[in-house]
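Chemist: I have a structure I would like to understand better, so I am pasting it below and will then ask my questions one at a time.
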Amino acid sequence: MSNELLFDLKNIEKRFVRGRESISIFDGLNITIKKGTFVSIMGPSGSGKTTLLNMLGGVDRPTSGEILFEGQAIQNLGEGELAKWRARHVGFIFQFYNLMPMLNAEKNVELPLLLKNLSKAQRNKSVETALKLVGLSDRARHLPKELSGGQQQRVAIARAIVSDPDLLLCDEPTGDLDRTTATEILETLQLLNKEFGKTIVMVTHDPVAASFANVSLHLDKGQFIEQQSSEAVA
Amino acid sequence: MNNFTLVRKNLTRNKLRLFLNCFAIFIAFLLFGALGAIKNAFDAGVELSADDRLVTVNKINFTQPLPLAYVNKIRTLEGVKDVTWANWFGGYYQEPKNQLMTFAVDPESYFEVYDDVVVDEQELENWKKDRQGILIGERIANARGWKVGDRIPVSSNIFSKHDGSSTWDFNISGIVRPENPQTDTSYTLIHYKYFMETQIWGGDWIGWIPLTTQNPELNEEVSRAVDKMFANSPAETETSTEAQFSKAFVEQMGDIGFIIMSVVMAAFFTILLIVGNSMWQSIKERTSEIAVLKTLGFTAEKVFAMVLAESFLLAALGGILGLGGAWLSIKAITPMTQSILPALVLGHQVFISGLMFIAILGFVTGIVPAWQAMKLNTIEALSRR
């Protein structure tokens, strides 16, 4: 774990308008995340976990406040710039894997590399490495429907890491898996954090999953009410 | 894998839908190509008509004869360049179903007026010297495998010879070749004089008088002068440009162009609705995948381009197959339609128009789904599951 800050969120406000009603999700949220941390965020439904994750990933924007990524404010970047920023810095892992059903495992993993100027050989090498890392080299030519849930999630992890991003954002990555498979996935994430220095932010309902992180945060009504480590979060 | 692979994989993910869409587009472009070729075949005479060529026919009807003497009278008119004459023979080869469009013409003046076709100098000389000589259009020579020196029987379904037979034997003296490949050469030319001497009715009447003017600007003036010259005579004339004459001839059967274009447009409109709806449905089913692509870093513009490309690819696939099918169909029926539609070919013009319509179809059916994909709210789409 490094002492360098990856994220610095200052005075974040997020409001939704539903009909005539304005719903506040965050009202002055502050959080910092250091590089190389594995952060889990727990909390009840509607507490703002996924909204926070989306804002960290540049998919959503705060109503006000500042999101600094390595010192650069990202909340005001244009859509195209944000898309490029995501492609360069962020890997997403979803609860339901979200693989492209018509592409086999290696082509799914290759997807983010289409956004980079790489030769076919370079792309193939990166895909091979990523699949090897998640232990799925022998399933490279299989379509998602031919893989188990755990295998599909490992393909999704390979897709998230293939372009070597700094940050992995995981939205309930084990929510659709049995305990054994979930443990395998969490161990893989832990490996990526410890061995490859990836910063991971994981939203989960599962305390067991949260225990794999080195920082656990509890979010309720838009505020962090508990933190088990102060190393990564100030 | 590249972006095109992704587009192709998206297009082919639902094979049944792809087949049905492709088939619908295929039928539309098959119709477009085939009917377009037929329309062009009807229009060929009009489009390829020489600007300075006029045709004088009997005012009652072009099937009524004119006196041969009119030819020399027309030659004296100011603005007239060359004049010739022709007679309908009504020919066929061996059986009436093998129509052979045959004209009895004046060998000396015919090619002065019809200078858009060429005959080898030696072959032309041979034909002029041989009263039983016949010139064969290149298209007929190719279709029937006839060559110079062959002797062929040509029968008439109108005229008979003095011996009661209605079959004339001719020696092929030469081949009439077009300067423009689209110019019709599916006809044969025989000597007017020999024909008139050997058929039982004899006489010195003719079917029509083709002539050229010294300048296309003089067409109207010359037309009026010709018709005025023979006004109140037993055989009054009607003179028009060759293009007008051809158009009037075609329009006897109705407005072919309008009928064909109506059919094609109806087919296109239907296909537009079917394919457009199908594309929209296909994109709607993929909202979460599109959201994932955007999350991975695909820009909205890239997503837009990919959906539009998918639509273009679908239109191109069905459309090019359809045009190919039309080309094969036209090629297959050409030998059977030589006598009715000699210029029946799927030409470049129809093919290029077809490609333009493919592009339009791809754009129109893809633009709305592509726009929706571009504007898709990633967060909403991801939370729909």
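The values are calculated or read from the model by the stated rules, or taken from the named source; none is laboratory data. Quick caveat, the model's predicted, so the values are computed rather than measured. Don't worry about glycine lacking a Cβ; one is built from the backbone with ideal geometry, like all the others, and counts go over all protein chains shown.
Chemist: Might you check whether a residue that is assigned by TED's automatic domain parsing to the domain that holds residue B:317, at pLDDT below 95 and β-branched (Val, Ile, Thr) occurs anywhere in region B:68-82?
Modeler: no
Chemist: Hey, among the residues in region A:79-119 that are of a type in the set (Gly, Ala, Ser) and within 14 Å of residue B:297 (Cβ to Cβ), which one's surrounded by the fewest Cβ atoms within 10 Å (Cβ to Cβ)?
Modeler: A:80
Chemist: Can I ask one more? Among B:64, B:122, which is the only one that is part of a helix (DSSP H, G or I), assigned by TED's automatic domain parsing to the domain that holds residue B:207 and surrounded by fewer than 17 Cβ atoms within 10 Å (Cβ to Cβ)?
Modeler: Matching residue, one of B:64, B:122: B:122.
Chemist: To continue, here is another question. Here's a check for you: in region B:1-37, which residue that is more than 14 Å from chain A (Cβ to nearest Cβ) and of a type in the set (Phe, Trp, Tyr) is nearest to residue B:306 (Cα to Cα)?
Modeler: That would be B:19.
Chemist: A follow-up question, please. If you scan region A:116-137, which residues turn out to be of a type outside the set (S, T, N, Q), over 16 Å from residue A:103 (Cα atoms) and part of a helix (DSSP H, G or I)?
Modeler: Scanning region A:116-137 gives A:120, A:121, A:125, A:130, A:132, A:133.
Chemist: Can you give me the number of residues within region A:190-204 that are under 25 Å from residue A:52 (Cβ atoms), out of contact with any Ser or Thr (no Cβ under 9 Å at 6 or more places or on another chain) and part of a helix (DSSP H, G or I)?
Modeler: Summing the residues that are under 25 Å from residue A:52 (Cβ atoms), out of contact with any Ser or Thr (no Cβ under 9 Å at 6 or more places or on another chain) and part of a helix (DSSP H, G or I) in region A:190-204 gives 5.
Chemist: Can we say residue B:272 is surrounded by 13 or more Cβ atoms within 10 Å (Cβ to Cβ), over 29 Å from residue B:354 (Cβ atoms), among the aliphatic types (A, V, I, L, M) and more than 14 Å from chain A (Cβ to nearest Cβ)?
Modeler: Considered against the rule, which asks whether it is surrounded by 13 or more Cβ atoms within 10 Å (Cβ to Cβ), over 29 Å from residue B:354 (Cβ atoms), among the aliphatic types (A, V, I, L, M) and more than 14 Å from chain A (Cβ to nearest Cβ), residue B:272 comes out as no.
Chemist: Can you tell me how many residues in region A:205-234 are modelled with pLDDT under 75 and either at positive phi or not in a loop (DSSP other than H, G, I, E, B) (or both)?
Modeler: Total meeting the criteria: 2.
Chemist: If you go through region A:39-48 one residue at a time, how many are in contact (Cβ under 8 Å) with a residue 24 or more places away in the chain and either over 24 Å from residue A:194 (Cα atoms) or surrounded by fewer than 24 Cβ atoms within 10 Å (Cβ to Cβ) (or both)?
Modeler: 5
Chemist: Can you find a residue that is without any contact (Cβ under 8 Å) to a residue 24 or more places away in the chain, more than 29 Å from the chain's Cα centre (by Cα) and away from every other protein chain (no Cβ under 14 Å) anywhere in region B:74-90?
Modeler: Looking for residues that are without any contact (Cβ under 8 Å) to a residue 24 or more places away in the chain, more than 29 Å from the chain's Cα centre (by Cα) and away from every other protein chain (no Cβ under 14 Å), one finds at least one in region B:74-90, hence yes.
Chemist: To continue, here is another question. Where in region B:155-260 are there helices (runs of 4 or more DSSP H), lying fully within it, with 2 or more residues that are within 28 Å of residue B:100 (Cβ to Cβ) and either under 32 Å from the mean Cα position of the chain (by Cα) or in the same structural domain as residue B:64 (by TED's automatic domain parsing) (or both)?
Modeler: B:192-198, B:242-251
Chemist: Here's another thing I want to ask about it. Look through B:295, B:334 and report the one residue that is among the hydroxyl-bearing types (Ser, Thr, Tyr), in a helix (DSSP H, G or I) and without any contact (Cβ under 8 Å) to a residue 40 or more places away in the chain.
Modeler: Going through B:295, B:334 in turn, just one is among the hydroxyl-bearing types (Ser, Thr, Tyr), in a helix (DSSP H, G or I) and without any contact (Cβ under 8 Å) to a residue 40 or more places away in the chain: B:334.
Chemist: Out of the residues in region A:62-89 that are within 18 Å of residue B:381 (Cβ to Cβ) and at pLDDT 90 or above, state the one that is farthest from the other protein chains (Cβ to nearest Cβ).
Modeler: Result: A:82.
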